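Asker: Questions regarding the structure given below will be posed in turn.
The values are calculated or read from the model by the stated rules, or taken from the named source; none is laboratory data. Remember, it's a predicted structure, so these values are computed and weren't measured experimentally. Ideal geometry is used to build each Cβ from the backbone, glycine not excepted, and the neighbour counts take in all protein chains shown. Heads up: the accessible areas ignore ligands, DNA and RNA and are worked out on the full protein's heavy atoms, side chains in. Shrake-Rupley method; radii C 1.70, N 1.55, O 1.52, S 1.80 Å.
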Amino acid sequence: MRPSTPAAPAFLRLAVHPVRWRLLSALATSDLRVRELVDLVEQPQSLVSYHLRLLREGGLVAASRSSLDGRDSYYHLDLDRCAEELATSGSSLHPALRPRPAADVDVTYLSSVAVLFVCTGNSARSPIAEALLRQATRGQVEVISAGSRPKPRMHEHAVSVLREQFDIDIGGWRPRHLDSLAGRQFDVVVTLCDKAREACVDFANYRRWIHWSIPDPASAGDDKATRRTFAHTASEIHTRVRHLLPVLTTELINR
């Protein structure tokens, strides 16, 4: 008597559909809106929205309202969840397919890569990203941050969260205006807020433009809630920076 064949893992059943795979691929490095995904996968909006709903129900994709236009939404792929699901899918087929620990990115090869992080005020999200990428690459990557409408000073919670969670001191940093970087070239530009992304259309001319749709942690409410939001935001940016490192390596190879 033949053993029964188990059903394919849920992740594979979700990802194997051609449209869903193209959506996952499009969201692998950058958060995008529905109309942008429609253009990328070349399918009707109703069909794209249907498949996005399935991916959201499967826990692979999340949506958040645009901070510039609340009628619009950005979609974000949970890469950690995808990694977990891929690992489970492989080991369910055969124990030998259990994943091996990921190799660390050799950051010594990234010294010629230049990265720019942008948000509106350059007092919280973009300097947090700058500081975390500097730490992750041990200063090998040329990284800087700026704002389209910079605040007078760094947000106190950005300073304290980086110091307490990551042992990084940005207390002496000052917000920088995007105009001060006119003429400088960057390999990768990452916008961290919807307002900056939709206002700074010139970034479309760069070879690699990535968007992370991250709400402003300074708008959380009272001071205690704001402190918690900053801690959550720093953790999210830390995760995204970790996923950015292989992208930087690919960018260097493809020059």
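Asker: If you take the Cα atoms of the chain, find Rg, then find the Kirkwood Rh from the mean of 1/r over all pairs, what is Rg/Rh?
Answerer: Here Rg/Rh amounts to 1.00.
Asker: Tell me, what HN-Hα J-couplings in whole Hz come from the Karplus equation 6.51 cos²θ - 1.76 cosθ + 1.60 at θ = phi - 60° for each residue of region 24-34, using x for Gly and Pro?
Answerer: 4, 5, 5, 8, 5, 10, 9, 6, 9, 8, 4
Asker: State the percentage of accessible surface on the chain attributable to carbon and sulfur atoms; use a 1.4 Å probe and exclude ligands, DNA and RNA.
Answerer: Within the chain, the accessible surface is 52 percent carbon and sulfur.
Asker: Which is farthest toward the positive dipole end of the chain among L245, A158, L79, measuring Cα position about the Cα centre, with Cβ charges +1 (Lys, Arg) and -1 (Asp, Glu)?
Answerer: L79
Asker: Which angle between 0 and 90 degrees, to the nearest 10, do you get for helix 223-253 versus the longest principal axis of the chain when only C-alpha atoms count?
Answerer: For 223-253 against the chain, the angle is about 70 degrees.
Asker: How large is Rg/Rh for region 135-241, to two decimals, with Cα atoms and a Kirkwood Rh? Present the calculation step by step, with values, prior to reporting the outcome.
Answerer: Numbers: Rg = 14.4 Å, Rh = 15.2 Å.
Rounded to two decimals, Rg/Rh equals 0.95.
Asker: How many times 2.2 N^0.38 Å is the alpha carbon radius of gyration of region 147-188?
Answerer: 1.41
Asker: Also: Note the angle between two axes, namely the Cα long axis of helix 45-57 and the longest principal axis of the Cα atoms of the chain, as a number of degrees from 0 to 90, rounded to the nearest 10.
Answerer: 90 degrees
Asker: Please report the antiparallel percentage of the DSSP beta bridges confined to the chain, to the nearest 5. Walk me through the numbers on the way to the answer.
Answerer: On the way: 7 of 22 bridges.
Counting DSSP beta bridges with both partners in the chain, the antiparallel share is about 30 percent.
Asker: Using a 1.4 Å probe, what is the accessible area per residue for the chain, in Å²? Could you put the intermediate results ahead of the total?
Answerer: On the way: 13980 Å² over 255 residues.
Here the per-residue accessible area is 55 Å².
Asker: Still on this structure, I have one more. Return the single residue from A234, A199, A62 with maximal mean-square fluctuation; model: Gaussian network over the chain, springs between Cα atoms under 10 Å.
Answerer: A199
Asker: Calculated from DSSP H runs of 4 or more alone, at -39500 (n - 2.57) each and per residue, what is the 222 nm mean residue ellipticity of the chain, nearest 500? Numbers along the way, then the final one.
Answerer: Values: 9 runs with 111 residues, N = 255.
So the calculated ellipticity at 222 nm is -13500 deg cm²/dmol.
Asker: Skipping prolines and chain starts, which residues have an amide H placed within reach, meaning under 5 Å, of the one on E142, given they are 5 or more residues away or on another chain?
Answerer: Those lying under 5 Å, H to H, from E142 are V113, V115.
Asker: Sticking with this structure for a sec: In Å, what Rg and Dmax follow from the Cα atoms of region 1-73?
Answerer: Rg then Dmax for region 1-73, in Å: 15.0, 62.
Asker: Continuing with this model, one more query. To the nearest 20 debye, what charge dipole does the chain have about its Cα centre, counting +1 at the Cβ of each Lys and Arg and -1 at the Cβ of each Asp and Glu?
Answerer: Approximately 260 debye in magnitude.
Asker: Note the full-extension length gain between L181 and D80 as 0.36 nm times their separation in residues minus their Cα-Cα distance, in nm to one decimal. Working shown, then result.
Answerer: Numbers: separation 101, 0.36 × 101 = 36.36 nm, distance 3.35 nm.
Full extension from L181 to D80 adds 33.0 nm.
Asker: Where the only charges are on Cβ atoms (+1 Lys, Arg; -1 Asp, Glu), what is the dipole of region 50-192 about its Cα centre, to the nearest 20 debye? Spell out each step's value before the answer.
Answerer: Values: 17 positive and 17 negative charges, 76 e Å.
With only Lys, Arg, Asp and Glu charged at Cβ, the dipole is about 360 debye.
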